[in-house]
Structures are given as structure tokens and as C-alpha cells.
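The structure is given below, and queries will be raised subsequently.
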């Protein structure tokens, strides 16, 4: 045996026992030669492969893909790469494979033969199925989490403001966009004693499940701290430390009103704010003015101090609280802003508290052409004359 003959024998043995299948077909797809690896994978004898067309060895779905993709691309481009099809094995089972093929031509450009490499894609297909299943499971888990978060958020925003003797309350909450994203805006109104109420409006950073969890933490913590701290500034200082140690690393803004009813029907209000827009005070026939109260964000740095201010809210006067979804509403890069906010409040006036809240929300939504870019929460409070003490106010939302 010559050295050249030995090299040819080695090459043929390598081709026959290669870790992938090899086929040579005529231009019409008729198999001319096949290696042992392909025969072993498919469990077919050589006579069941040679002389048959490659398309006949495929599953029905693979035949369609062969005729619509493999064959046209091969003729147009001269080669195809990683065509995924399933082979029919001799025992009726399927083998997932990837086909690479090259069309060779003679010196006149006529089609001569097709060289086909066949790669076992069983593990790849299994991985793809596992990946798809994991993706579907993740989407399902996300959907369940979002449902839970939306349910949780519904508990953070009272469906209707509670009825409080001597106080008119109006509030609105509108989620951003189509409402599919859970935001961090919330408000709450609850009693702390006879003729005493706490009003809180806040905005937790971000959206989604984490934001809803922290929002629930903030709301429930405020309720608990309101029993321990008579001063809203002290309440915010302790809330700051609690939020700052939460594992999600979220922060929030908040404004807290501590309100006490006085004998003449007015309410004494102590206001504290943490990184939140100050409330606006609206008096009859006067422009709205900003309450002078400011403080740092809640949950960023430890040991923060918060200031507070005290005012007397008389009948026909209104305090308006709002989140930044109002002033930071955008249209073509332009903000709704404080000028439009004040103009809306001045135009509507203090006569109708529910109408004031509804009009402001409508203005902000219309400014954004009906699609809000951020959550909107607004709360307005105003003293009202004493009702008949025997009058039926209906069920209290706090007690049912």
C-alpha cells in the first residue's frame, strides 16, 4: 500500500466514522453516498437511504421546511446553514438535526452534487424546550406577582375617602398608562382620637412588586407610628430609619397632616413633609399658596431631621395634597408644572372640594392626551359646618 493510498483510506475512515452525519446528494436531493454515523443515528440500512431523496427521510413538517426554505436557499445562495428539521428513524422515532449543505458546480456552472453535514440537535432542542418552559413559567410567575401587587395596591388606596364629621374629604388615584404597571403612589386617612385625623400622601420610588411591598410597609408603618408620635416630624424621622433599612433599597416621599378639630369648626393642622411637594392652601377669592414645609427624602440617609409647620384651616378653606405625577406630567417635553397647577386651583376655587379634585385630575390627564406617564394621586381636605349629631352618615369605611 502506498502512502497516498493509506492517506485516502484514513480520510475515508474518518469521514465514515465522523461525529456528524455526511450525505452526498444529486441536485434533485437523491442520496448518492452516506456515512456510517448517519446510518447509526437513524437506525437505517444503507439501502434504505442511498437512492432515496433526502426530503423523503424527513418528518412531514421537515418536508415542508425542506421545500420552502432548504431547497430554494440552496439553489439561490449555493449553501445553507443550521436548517433545523427532524429525521424519521427506522423505528419510527424522530431525530432533531441541523443541516449544513453546499451545492457544488462544474466548470460550466452546472449543478453537480450537494454535500450535506448533519448534526445531532437533540440536546439543543431539549435545552430550547427547557428555556421556553422556564420563560413561560417566569411569565406566569410575573403575572401572578403583578396580580398580587395590584391586589395589594388596592388596599393601599381607599376606594372612597372615609366620612369624617366636620371635614370634607375628596381624593383620587390614577395609575400611569394603561394601569398594568403597579406604582408607588398612595394616600390614607385615619383617626387617632376623638376629633383627630391623620392624612398622609406618599410616593414610593419605582414600580412593580417591590414598590407595592414598600408602599404597604410605609402605609402600615405610618399608622403604627401615628399612635406613638404626636408630632408628624417625629413620625417621618422614624419612618425614614425603617424604610432605609428595608432590603429593597427603595425610598419614598411623604407629606403628613395631623389634624385636630376645634370647637368653632376649624381644624388645627400640623404639617410635615419628606421630599414631597408641599400642600397648597386655597382660601376663598385668593390665589393658592404653598405651605412652607420641606424635608429630606424618606429612606435615603439615616438620622434625618424633619421640620413641620402649623396652621389653622377654617371652613371654606382647602388644603390640597398631590404627588409629582401632577406637576411632572409631560407633553412633548413640556411639564404641566406649578403654574398650570395654581391656575387650575385658582379657576375652580374652594367652593366644591370634590369638583376641585376631579377638575385637577382631568386637566392633568388632558394635558397628556389621555395617556398618563406617571401615577397621579390628589387629596383635598376642607372643614365643613357641624352636621346634625344625630344625622346618619352611613357606614364608616374604616369600620364598615
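Can you give me the relative contact order of the chain as a percent, contacts being Cα pairs under 8 Å and 6 or more apart?
13 percent
Right, next: I'd like the orientation of helix 209-228 relative to the chain: the angle between its Cα long axis and the longest Cα principal axis, in ° from 0 to 90, rounded to 10.
20 degrees
Can you sort 42, 172 by how many other beta carbons sit within 10 Å, fewest first?
Ranking 42, 172 by Cβ neighbours within 10 Å, fewest first, gives 172, 42.
Run lengths n ≥ 4 of DSSP H only: what is the helix-derived mean residue ellipticity at 222 nm for the chain, with -39500 (n - 2.57) per run over all residues, to the nearest 500?
About -10500 deg cm²/dmol.
Sorted from fewest to most neighbouring beta carbons within 10 Å, what does the list 369, 96 look like?
So the residues, fewest neighbours to most, are 369, 96.
Please compute the contact order of the stretch 3-120 in relative form: average sequence separation of alpha-carbon pairs under 8 Å and at least six residues apart, divided by the residue count, as a percent.
Relative CO of the stretch 3-120 lands at 25 percent.
What FRET efficiency do you get for residue 124 and residue 384 if R0 is 60 Å and r is their Cβ-Cβ distance, rounded to the nearest 0.05? Don't jump to the answer; show the numbers that get you there.
Working: r = 72 Å, r/R0 = 1.19.
Between residue 124 and residue 384 the formula returns 0.25.
Sort 253-263, 224-234 by the packing proxy (mean of other Cβ within 10 Å over each peptide's residues), most packed first.
The densest-packed peptide leads the list: 253-263, 224-234.
Note the angle between two axes, namely the Cα long axis of helix 3-16 and the longest principal axis of the Cα atoms of the chain, as a number of degrees from 0 to 90, rounded to the nearest 10.
Between helix and principal axis, roughly 50 degrees.
With each pseudo-label sitting 7 Å past Cα toward Cβ, what's the residue 24-residue 338 distance in nm, one decimal?
Going by the 7 Å Cα→Cβ label model, 8.5 nm.
Moving on. Using r as the Cβ-Cβ distance of residue 79 and residue 133, and R0 as 35 Å, what FRET efficiency do you calculate, to the nearest 0.05?
Once rounded, the FRET efficiency stands at 0.55.
Could you calculate the contour length gain from residue 104 to residue 15, that is, 0.36 nm times the residue separation minus the distance between their Cα atoms, to one decimal place in nm?
30.2 nm
Rounded, prolate or oblate: which fits the stretch 3-120 when a ≥ b ≥ c are the square roots of the eigenvalues of the alpha-carbon gyration tensor, with rounded for a/c under 1.5 and prolate only if a/b beats b/c?
oblate
Please report the spacing between the Cα centers of the stretch 284-299 and the stretch 240-282 in Å, no decimals.
Their Cα centres are 11 Å away from one another.
Let me ask something additional. Using a simple spin-label model with points 7 Å from Cα along the Cα→Cβ vector, what separation in nm is obtained for residue 248 and residue 144?
The answer from the label model is 1.9 nm.
Only one of the values [x] 1.07; [y] 1.36; [z] 0.96 was calculated from this structure for Rg/Rh (Cα atoms, Kirkwood Rh); name its label.
Recomputing Rg/Rh (Cα atoms, Kirkwood Rh) here gives the entry labelled [y].
If you don't mind, there's one more thing I want to ask. Mind ranking 271-282, 200-211 by how tightly packed they are, going by the mean number of other C-beta atoms within 10 angstrom, highest first? If you can, show how the numbers build up before the last one.
Details: 271-282: 23.9, 200-211: 22.2.
So the peptides 271-282, 200-211, ranked by packing, come out 271-282, 200-211.
Once both axes come from the Cα atoms, what is the angle between helix 353-367 and the longest principal axis of the chain, in degrees from 0 to 90, rounded to 10?
30 degrees
Where a number appears in this text, it was derived from the coordinates with a stated rule and is not lab data. Only a predicted model underlies this, so the values are computations on that prediction, with no experimental measurement involved. For neighbour counting, all protein chains shown are included, and Cβ atoms are generated from backbone atoms with ideal geometry for every residue, glycine included.
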